[in-house]
Structure formats: structure tokens, C-alpha cells
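The values are calculated or read from the model by the stated rules, or taken from the named source; none is laboratory data. All values derive from a computational prediction rather than experimental measurement. Glycine also receives a Cβ, built like all others from the backbone with ideal geometry; neighbour counts cover every protein chain displayed.
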Amino acid sequence: MVDMPSFENILTKKELDICELISKGQNNSQIAKYLYISEGTVKNCITNILDKTSTSNRAELAVKYTVEYEQAVTDMQVLPSSHNEELGCDFHTHPIARFRLSGDSNLPNLIPLIFMEQTFTIGRFDSNIGHKRCDFEFERTTKTVSRRHAAIEQLAPGTEKKSGGEASFPEAKINEGFVIIDLGSRAGTFLNGEKIPSGRRCLLKHGDQVSFGIAGADYVFVV
């Protein structure tokens, strides 16, 4: 069994979010606006984070976060290079977006989107099959998630809106981004509280709330 990243063991979800924003060069004011908290709360959280992680300043924290957390999570999700070569794919080896847990603390804290193909699939482990069917799989005990529950598709820059039916988007024109598609799941996929019709491609934006099932696996989309 792979050990979880040390940051995930010692920091809260809010502290992890702050670490991520610090690693991207955000100041306290920007972090406060992004997370909808006060600058005082940000300052207090950073003091606690520095103490918990035995770091002395923001720069050291940013480096340690990247090395000990982001890379460790990535390593757990990427297939071995030999497997990549067998499939003949030039895979991305770092997440370009992610789902951050906002619900049940017993579920994975992070779902990093590492695109092996154009579509990234999310589902539940099937013990009868014994191998992965989806790019990311919840434990088989996560009953709200179907074996093949949803897919995330990366859009190319300049993707145009297509008129009518399942291929329509809320915006008239989209730059590079992502859409989510429910794959006929039993409990449904919910975007900001609204159930997605099966097969419809719905635009994902930073901060969107996504639930895989009713009151099930609740996440926030982060880019």
C-alpha cells in the first residue's frame, strides 16, 4: 500500500487549499478572495501551516508542498511507464486540473485529472473484474458511485458552441476548458446541485460543485 502524502495527513482541507495557492504565488489578499475568507484567517492558517510542516517561510512552504504533496499524489495516479509504452500513448504525467473533496472525509481528498486520452473517466472498482476500468476509481464500498459513473473531457482552444441536443454548452464560445458527462450512472451526477442528463456534455468551471450520486462523493472542481 502506498503511503499518503505527509501534507494530507497533517493539514486540513482549507490549509491544503492555502498551500496550493501559495505555491502558485498568491498573496494573502488574493487567497482570502479566492477562498471567501478574511485575510486574518489566511494569516492565522499560514502560521499554523508553517508550524505543522516545520517550514520557516512561504517560499520554503511552496517548494515543500510541490515536492511532498503534488508530486506524491501524481505518482500514485500515473500508470508505470512500461504500461504507457504498451498502450502507445504519450500521456500527461501531471494533473492539469483536479477535484478537491468537500464532503465525506473518508473519501479520497483529491482526484487529479491526468489525461491519458481526450477523456478522463471516474467510477468504482469492480471486484469481479479485478482491474481498472476507469482512470480514477473509488473503493468498491462507495455505493453512490457507479462502476462507470462520469467522464471529464478536455476541450481544445476555440471550441465552438454546437446547436441543440446533447452537445450544447452554456457559453457561445469556450477557450480551452473541460466538460463533464454522466455515463448513465444509477445515482446520477450533479453539477452545482442540478442533476446532469445522462450523456449531455456540461461545461465545468473553477469552483463548480460536483457530486457523484445524491449526498455521496462531493467535490469542488479546481483548475
Output the residues belonging to region 148-182 that are in contact with a Gly (Cβ under 8 Å, 6 or more places away or on another chain), surrounded by fewer than 18 Cβ atoms within 10 Å (Cβ to Cβ) and either modelled with pLDDT of 90 or more or of a type in the set (Gly, Ala, Ser) (or both).
Arg148
Got at least one residue in region 186-199 being in a strand (DSSP E or B), among the acidic types (Asp, Glu), modelled with pLDDT of 90 or more and buried (at least 18 other Cβ atoms within 10 Å of the Cβ)?
no
Would you check which residues across region 113-132 are modelled with pLDDT of 80 or more and of a type outside the set (S, T, N, Q) and list them?
Leu113, Phe120, Ile122, Gly123, Arg124, Phe125
Would you check which residues across region 44-65 are at pLDDT 85 or above and within 22 Å of Pro108 (Cβ to Cβ) and list them?
Ile49, Lys52, Thr53
Which residue pairs have Cβ atoms under 7 Å apart, sit 6 or more places apart or on different chains, and have a first residue in region 183-194 that is basic (Lys, Arg) and a second that is in a loop (DSSP other than H, G, I, E, B)?
Arg186/Ser146
Filtering region 19-36 down to residues that are in contact (Cβ under 8 Å) with a residue 12 or more places away in the chain and farther than 17 Å from His206 by Cβ, which residue is nearest to the chain's Cα centre (by Cα)?
Cys19
When you check Thr41 against the structure, is it at pLDDT 80 or above, of a type in the set (S, T, N, Q) and within 18 Å of the chain's Cα centre (by Cα), yes or no?
no
